[in-house]
Structures are given as structure tokens and as C-alpha cells.
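Chemist: I have a structure here, written as C-alpha cells, and I will follow up with some questions on it.
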Amino acid sequence: MIIGRAELTSLLDETLDLVDAPPGCGAVLEGSIAEGFGNSASDIDFLLLADDDHDHPTMPTIVFVRGRRVEVRTRSLRQVRAQADEACAHVAAGIGALPAALLDRCQRLRGAVVLRGEDVVRRAREWPLSLPEVVADWYAHHSRQAMRHAVASHVLGEEHEAVAWAGIAARNAAKSWVAARGETYLEPKWLDRQFDRLAAGGDGEAARLRDRLAVLRKGHDSVGGIEPAIAAHAELVADFGVHGCPADADQVLLGLRAGVTTWPIGDRLHVVRGRADVFVLAAPAGRAWRSIAPGRPVAEVIRRADDPGAAASALAEFHRIGLVELHWRDGGPIASAQPWAPAEPVTPPPSTRMPVLGLAGGAADGHVSLVPLPARRFAAAGMAQVWSNIMIENAREDLSGALDGGQREVARTSGLRLLHHACRALLSACGMSPLPPDAAIVGWLSALTAVPVELAAQAAAVERALAGDDWTLWAERLDKLVGGVRDLVRAEVFPASFDSAAAWEATLRIGHDWIRLGAYLDADFPIEEARDLLTSGGAQPHRRGGG
Amino acid sequence: MSGLRVLVTGAAGLVGAEVAVRLANEGHTVLALVHTRSEIVRNDGRVVRTVPIGRSGPGLVSCVAGDVTKPMLGLTTERYEDLAGGLDRVVHAAATTDFGRRWETYESLNVDGTRNVVRLAAERSVPLVHVSTAYVCGERTGRVLEDELDVGQRFGTGYERSKFLAEQEVRAAAANGLPAAVVRPSMIVGTQTSGEIRDFKNMYVVLKLFTQGRVRSVPGFYDALLDLVPVDYVAALICQVVNRFPEAEGRTFHAVGASPHTLLDVSNALAEYPMFQVPHYVSPSSFDAGALPPDERVYYRRIIAMYESFFRRRARFDDTNAARLAPWRPTATGVEYLRTLLDHCVRVGYLGRPESGIGEVLRLAGRTR
């Protein structure tokens, strides 16, 4: 140890003068210094063991003694036994789920230097398992997963990630190997020192494996490129005794991820994750998505794709953001294997596009974009937009009829309805849901930065015109406003128009797509009549022949 | 109970095979009447070992080639008497369950066939367990009770009507003293835990067309109800009716799922598979098959139209009698059970793999027999 026992005892005494210690407690030094590592910057970690069943706080007390930072934790015997029991339960259920922090606490206690209360400490350390075996198995699990991840990343063409994962796999395998030989301290940074200690003890294999690991650490150029590097890492991992992860691309299979569902809107695919997040896929990514079948080798799917590079990169993205799983043949899902890192898939920042959605849903930048709305609101806004566009057509017909018949007040009412639905279409495209009431809706346009100033001004001018008596220009002004609204939405996301029966039918089909999604998410329908209309197979209100 | 001598008609069929084997495994002597298929294959694909009828005995299955559409089941008088003599039970599972056949086929197989089997049982007062269908209720909506049969319902398919008439034959014979019980399965699908199914027929064919995107819209409602029942439960219930016939006599048993699935459930379950296409449900009142694209129209008219009424039905089957007698009850429900069924289809390559065209799909639908 870098600090002598006498000095440690003295440090403990001084520390106990500064903190409240349970009477009669045992005391140990744990952590890097106790394990025979450490340096001048290392903390002094004291653990006090109280012979009681209290719940002592997890947070350490930090004091400074003789210029050193000292962390003091207190645990009751009940607490350390509960930790040991929990760790045993994890080991029995599958060591992969054993949390790093829990295993670390168990290991540190058992690798600690006893400073006082030997009997309490002995009772605290009672454990039915072999610590070297548990730590070795635990690191082997994480090494295997990391190596599989490396092979999978390589198949997906993510070479940088592949090499990084292979490195993690090799280091975890090395930690497993040294743990099996008694070097159980979990902290990864002391791996070289652990090898050195084994080598100094006469273990020639330790020195050879340490040197091979050092060569691989120099990077893939040192072994002739990415593929040889992956193979060399896999070989070293196996030599460390971790099996089940050869550098074999055919072992990597596609798997479905629970809670992920697919929703085409028009020709565009949307993928909902956990009923909460909506991702929109660009066309090539959509094709890659459609090629996903559980149990098929990733390499085969990529090989058969029209554009293998694009398919690989899209599949990699799907995996990163948790839309799809990768499985190892007969080996279950390939999970994130960094013990101290979160295992959850990442979530990209949301799209900043405006409008947020068009009739065909969101729009993708790159392979996949996260829609900046919760899924239910996205579905509700989409349905509101389809409904508003249908009602614009309906109101426009009523307006024409009224104008033809010289019915000014009927025309005014129809014109206002048209104006309000145009505003609703615009606001729902901006992601607004629920929408404001008609009485306030025109005013909302100018209050939102998402709405172009000229369009808001145009709507306000139309509203003023509809309040006046010069009805000759109402239709023209409303048509211009609707054109502006649809241009804004269409310019980003929807290339079709409402000018033909075919386009109208396409709009209704898209309406059905929105309803499927809305029904799945139990989203708010604009009004119940919207549900009826959109499920009526194309029957347009007030129009014979359905469209 | 053991040691019964049981005749199972339709023993090569999905339900008949499973019932025959289970009864034999329980120690009964099973005489398995088969028509064109001489092999009995269990739901999990295992071929059942059979023995010649001369060596039949407890725990064994013996195959007898016959034809229920013919008098004396198409057997010689001597064979017929041999077969019928000493029977303790008859399980009548022979039927065509295919949709879209000519009425003459239904009448011959399902109605005349039942009449012939009823005659055999009635002549010797052998207890008869008749396998019907829950869909003898036709297009009824709401709660359907087990003791109801003729309530003036309209039938969506010739299959249902033929099974209705067959049940009437059984009821008429029962009124004249034949000890009889009726088991009415709903739509038989894969086992509860694994989804395994021997034959991908009926709704499975529809699923194939849906998921391949060959049919993109169907007339139906999101809240229409499909009752799916695991094949293992159906077989278990029929065996129980055989074993506990004195309790079952005179009763009808709905062999139905834990709870019906809505078409919304189906839509949501299909959405979990990236490679699947999913159709829209369009209000039947405004659905126009003539407006479908030409390819889709062909699939619609030749296959989907046969099943169309199922996409708008809202029947709920009461199964009080079955609940009292069944050895176990289905518990799998909702999207989770659909996922089990779909996973099996994907695992064995039935779904997620394109067929060459309508000919292959029709073959799967059993239309080219």
C-alpha cells in the first residue's frame, strides 16, 4: 500500500473525530489504495460497519484530513447483507443484469483492509459466492456482448464503432481473466497494474496476454486494417477465455423491438417507439425498414438491398435509436455492454423543421428524424389537418353555390368557415393541438413565429373583408389564402394537389392512414364526424359520387 | 375414464387428428375415419403411429378409410358393422371448413355427412359428440348463447349455413333419443403458448394477403370482433366432452377464445412487424370493390369476399357450459396473443415471404383441391 498501516490508523482516528460514527462500529479502508494501487491524488475511502439494522444514507461524508480528501460511508450489517443477497439473486437470474455499482460495493468490502472491529467486518463479508468467479463471469458477459456489438457494427459498416467496441471487449475480457486469478478490483483503470502484479508473481501467461492487449491498443493500423483488427480482438477475447463471440458476420440477426410499430402515411413511413416518440423515415431508410424480418442475418439483408451502403447505415441508425434489435444467433439480443454506461438506446434531438407535419406526416432529414411532438398529439394534429382540408373543400363548394345564387349572408358564413378551416390546417401543420376556437383562430396566426407574417396578415385581411359588404372579391381572396397555406405545407412535405379526383382520393387514403395511427394511440379525433367521414371510403360531405 | 371405443370422423383434419391422438393417449381405443389422407398428423407436425384395425386396442389409433358423404360411410356392410359394433362414443369432426366452395360440396360433406354419422350413432344409441362451429350464429350481433341455434339469423357463408343444417340434424336425432353433445369452436388458430398451427387456412390466408399488401382496403369496422380459439383448447374440450359425456349430454359448448379480438387489435398487432403491410378498414356501406385497382380486385373477389362478413361482425359467444366442463381455459388475449400467432407464422416462413401469385394463394386457401 502506498500508505502505511500506522498512518491509516491515525488518519481514521482523526477522521472519526470529524464525523458521527456509530458506537462499536467496524472500519475498513476500501478502494484503490486498499487494493494496492492508488497514487497521491487518490481519495481515502473509509467504510464504517455498524452492528445494527439501520438505513444509513448512501451518500458519503467528505472531510479533509492532512490535506487528503477522505470519503466516509456508513453501512449497517443489514444493509451490506441486503446488498450481498441482491447480488446473489442477480447471479442466479443471469449475471448480465447485475448492476456494476452493486457488484462494486460487494467487491470493495471484500477487498478492503480491516482497520478496526474485525468481528463485525467478518460478519459483514459473509457471502456464499466466489468473488473471483462472479467478477470473472460478469466481465466475461460484458466482453462477449461488446465483441458481438463490434461484429454487428462491422456488418453495418460502422467501422469506428466496431473498433471501439472491440477494444472494450478485449479490455473486459482481460478484466475477466485477471479476476479469475484473484485480481477482482472492478475499476478498469488499474488493469495494467493487475497484470503486472500477476506477472511479478510468476504468471508468464499474464505478461504475454498483457503485451498482446497493448499491441491492439495501438489501433487498427497496427494489425493491418479494420477487418483484421476485429478478428484479432475476437481472437484475443477468446484467448482470455471469453467464448461465444467469434468475428462471424452471419451470427448477427435482425430482431424486432417491443413497443415499436410501423405506420405508413401516404408513401412515407413513420415508426412509433413506445407509443411516445414518432420517427419519420426518408425513402431509402423506409425501404431498409421494410426489409427487416426477425431472424434474418443482417449481412444478407444488406447484401440484397438495392443500395447496400444506404441500407447498412439506415439499419445502424435504427439500432442506435432503439427501433430494432440485433440478435446473436442462439445468443439473444446484443445489448449495450459498457457496464457503467446507460443501456437505453439514444434519442436524437427532435427535428426543427417547420411546418412540423403535412398531410403525409413528418419529413426526414437524413435517414430518420424525430418528430418534435408527442405521438398522440402528432396523430391528433395530422387528423385535424386532413379534416380541415376536407372541410375547406366543402366550404368552398358552399361558397360557390351561395355566390351563384346571390346569397350574400350564406356566402359570408361559408367564407368564414373556409377561413377558419384554412387557419386550422395551417396551425395543425405547425403542430398545434388541440386547436383554438374559431373566434380566436385568425389572431393566433400572427402570434406564432412559425407562421409567415404575410400569411397571417393575409388571413387577417380576409377576415376584415368578410366582415364588409364587398363580396365580389371574397372567393378570390379565400382561394389565394388557401393556396398560400397549402403551398407552405406542400412545399415541405406534400407534393400532390387537391386539383383532381385522383389527388382527392389520395388525400382520403392518407386520412385512413392517420386514422389507423390515431386509433392505435387513442388520439383525439377532430370531431366524431371526421371519424365517420374518413372511414366512409371517400364519401365527401354534400357531394354526390364521393369526390 | 379410460377404455372407451371411440370413432373419430375427419381424423386427418386439424381438430380430428389432435382429438384422436389425445383420446388414444388417455387410453381409449380410437378408430380414426379418414377420407383421402391416410396419414394422421398432429398439430405440431408429428405423424401419428397407427395400427391396422384388426390390432386396435386401448391407447392405439387405427385408421379406417371411408367417406362420410356415402351411406354406411362408404364401407362394406361387414366393415361397417365391424366399425360400429361396440362403439362407446362417436366424435364427428369430418367437414369441410374451407370458404367459397360450391353449395353442393357443403351439402354433401357437412350436411349429408352429418346425417350419415348421426344414423350410425342413432342406430346403436352411441353417444355422439358433434363438432360444429360457433358461427352457426351467422351474422348475429351481441351475446350468443350456447343453447341457441335457429333465431332466424342470416348466414355470411355457405359453410355456416351447412353447419347450421348439420346441427339441426343432430338436434332432431337427439329429440328422438340420440344421446348427443355439440362443441362449437370459433376460428381455430395456433396453440395458446407457441401459436403453432398445422394448417394455414382461412383467416391465415387473409392475413397473408393483408401483410403482403395485395389487399389494401377491406370493408369493415375497427370494432368488429373476431373470436380466435387455440387449437389445443378445442381438442382438450372435445376430449373432455367425450370423457364426461353424461354431464355433457344434451348440451352445446362454445369452444371460444378468452376474449374476442377487435379488428383494431389486428391492425395494431400487424403494425409491430416492419415488413408487413396493413389494410385500411373502410365502411362497408361505401366500399366499392369495382373501384379497387385491377390486381387487388382479383384478390378481393376470389378470396377476401368470402370472409368479408367477418370484418363487420360483433358477436360475443357466451361459454358458460364450456367453462364448467373444460379442463383449462384460454387466457391469451389481445395483441399479445396475436403476436404469438404472428411470430409463429414468421418463424416458419408462412408470413413475411412473398408467394408467386394468386394461384399459390388460392392453393393455400384450399380452393384447388
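The values are calculated or read from the model by the stated rules, or taken from the named source; none is laboratory data. Note that this is a predicted model, so its numbers are computed, not measured. Here the Cβ is made from the backbone with ideal geometry for all residues, glycine too, and neighbour counts use every protein chain on show.
Chemist: Quick one: count up the residues across segment B:96-137 that are surrounded by 18 or more Cβ atoms within 10 Å (Cβ to Cβ), at pLDDT 95 or above and assigned to a loop (DSSP other than H, G, I, E, B).
Modeler: The qualifying residues number 4.
Chemist: Filter segment B:282-295 for residues that are hydroxyl-bearing (S, T, Y) and facing chain A (nearest Cβ under 7 Å) and give the result.
Modeler: Correct list: B:S283, B:S286.
Chemist: Something else: Please work out which one of (1) within 26 Å of B:A122 (Cβ to Cβ); (2) crowded, with 24+ Cβ neighbours inside 10 Å is the condition B:I40 fails and give its number.
Modeler: It fails just one condition, (1).
Chemist: Is one or more of the residues making up segment A:271-284 in a strand (DSSP E or B), within 14 Å of chain B (Cβ to nearest Cβ) and surrounded by fewer than 22 Cβ atoms within 10 Å (Cβ to Cβ)? Explain how you work it out, then say what you get.
Modeler: First pass over segment A:271-284, keeping only residues in a strand (DSSP E or B): A:271-273, A:277-281.
Now restrict to residues that are within 14 Å of chain B (Cβ to nearest Cβ): A:271-273, A:278-279, A:281.
If we keep only those that are surrounded by fewer than 22 Cβ atoms within 10 Å (Cβ to Cβ) too, we end up with A:273.
Yes, segment A:271-284 contains at least one residue that is in a strand (DSSP E or B), within 14 Å of chain B (Cβ to nearest Cβ) and surrounded by fewer than 22 Cβ atoms within 10 Å (Cβ to Cβ).
Chemist: What pairs can you find where one residue is in segment B:176-205 and modelled with pLDDT under 95, the other is not in a loop (DSSP other than H, G, I, E, B), and their Cβ atoms are less than 6 Å apart, with a gap of 6+ or different chains?
Modeler: Cβ pairs passing all conditions: B:D199/B:L14; B:M203/B:M187; B:V205/B:L364.
Chemist: Could you list, in sequence order, all residues of segment B:281-296 that are assigned to a loop (DSSP other than H, G, I, E, B) and either at pLDDT 90 or above or not aliphatic (A, V, I, L, M) (or both)?
Modeler: Of the residues in segment B:281-296, the ones assigned to a loop (DSSP other than H, G, I, E, B) are B:283, B:287-288, B:292-293.
Those that are assigned to a loop (DSSP other than H, G, I, E, B) and either at pLDDT 90 or above or not aliphatic (A, V, I, L, M) (or both): B:S283, B:F287, B:D288, B:P293.
Matching residues to (1) surrounded by fewer than 17 Cβ atoms within 10 Å (Cβ to Cβ); (2) not in a helix (DSSP H, G or I):
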{"position": "A:I33", "(1), (2)": "no, yes"}
{"position": "A:H56", "(1), (2)": "yes, yes"}
{"position": "A:V80", "(1), (2)": "no, no"}
{"position": "A:C88", "(1), (2)": "yes, no"}
{"position": "A:R105", "(1), (2)": "no, no"}
{"position": "A:R122", "(1), (2)": "yes, no"}
{"position": "A:H142", "(1), (2)": "no, no"}
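Chemist: Residues in segment A:370-382: is at least one of a type in the set (G, A, S) and within 14 Å of chain B (Cβ to nearest Cβ)?
Modeler: From segment A:370-382, those of a type in the set (G, A, S) are A:375, A:379-382; that's our starting set.
Now narrow it down to the ones that are within 14 Å of chain B (Cβ to nearest Cβ): A:375, A:379.
Scanning segment A:370-382 turns up at least one residue that is of a type in the set (G, A, S) and within 14 Å of chain B (Cβ to nearest Cβ).
Chemist: Looking at this structure, is A:V72 among the β-branched types (V, I, T), surrounded by 14 or more Cβ atoms within 10 Å (Cβ to Cβ) and not in a helix (DSSP H, G or I)? Steps first, please.
Modeler: Numbers: among the β-branched types (V, I, T): yes; surrounded by 14 or more Cβ atoms within 10 Å (Cβ to Cβ): yes; not in a helix (DSSP H, G or I): yes.
Yes, satisfied.
Chemist: Let me ask something else. Sort through A:L216, A:L209 and tell me the only one that's more than 14 Å from every other protein chain (Cβ to nearest Cβ), part of a helix (DSSP H, G or I) and in contact (Cβ under 8 Å) with a residue 40 or more places away in the chain.
Modeler: None of the other options fit; the residue is A:L216.
Chemist: From A:D306, A:D250, which residue is in a loop (DSSP other than H, G, I, E, B), over 22 Å from the mean Cα position of the chain (by Cα) and more than 14 Å from chain B (Cβ to nearest Cβ)?
Modeler: Working: A:D250 fails: in a loop (DSSP other than H, G, I, E, B).
From the options A:D306, A:D250, the qualifying one is A:D306.
Each row is one residue, and each column tells you yes or no for (1) at pLDDT below 90; (2) within 14 Å of chain B (Cβ to nearest Cβ).
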residue	(1), (2)
A:D404	no, no
A:E454	no, no
A:S500	yes, no
A:H512	yes, yes
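Chemist: Here is a list: A:A402, A:A450, A:A475. Which entry is in a helix (DSSP H, G or I), surrounded by 15 or more Cβ atoms within 10 Å (Cβ to Cβ) and in contact (Cβ under 8 Å) with a residue 24 or more places away in the chain?
Modeler: A:A475
Chemist: Given the criterion assigned by TED's automatic domain parsing to the domain that holds B:Y350, part of a helix (DSSP H, G or I), aromatic (F, W, Y) and in contact (Cβ under 8 Å) with a residue 24 or more places away in the chain, identify the matching residue among B:F210, B:F164.
Modeler: Only one candidate qualifies: B:F210.
Chemist: Quickly run through segment A:160-203 and pick out the residues that are among the charged types (D, E, K, R) and not in a helix (DSSP H, G or I).
Modeler: A:R181, A:E183, A:E187, A:D203
Chemist: Considering only segment B:250-280, state which residues are of a type in the set (G, A, S), assigned to a loop (DSSP other than H, G, I, E, B) and within 11 Å of chain A (Cβ to nearest Cβ). Walk me through it before giving the result.
Modeler: Applying the first criterion (of a type in the set (G, A, S)) to segment B:250-280 yields B:250, B:255, B:257-259, B:267, B:269, B:271.
Those still in the list that are assigned to a loop (DSSP other than H, G, I, E, B) too: B:250, B:257-259, B:271.
The one that is of a type in the set (G, A, S), assigned to a loop (DSSP other than H, G, I, E, B) and within 11 Å of chain A (Cβ to nearest Cβ): B:A271.
Chemist: When both residues are 6+ apart or on different chains and their Cβ atoms are under 6 Å apart, which pairs have a first residue that lies in segment A:284-298 and is on the phi > 0 side of the Ramachandran plot, and a second that is modelled with pLDDT of 95 or more and not charged (D, E, K, R)?
Modeler: Between residues of segment A:284-298 that are on the phi > 0 side of the Ramachandran plot and residues that are modelled with pLDDT of 95 or more and not charged (D, E, K, R), the close pairs are A:G295/A:L253.
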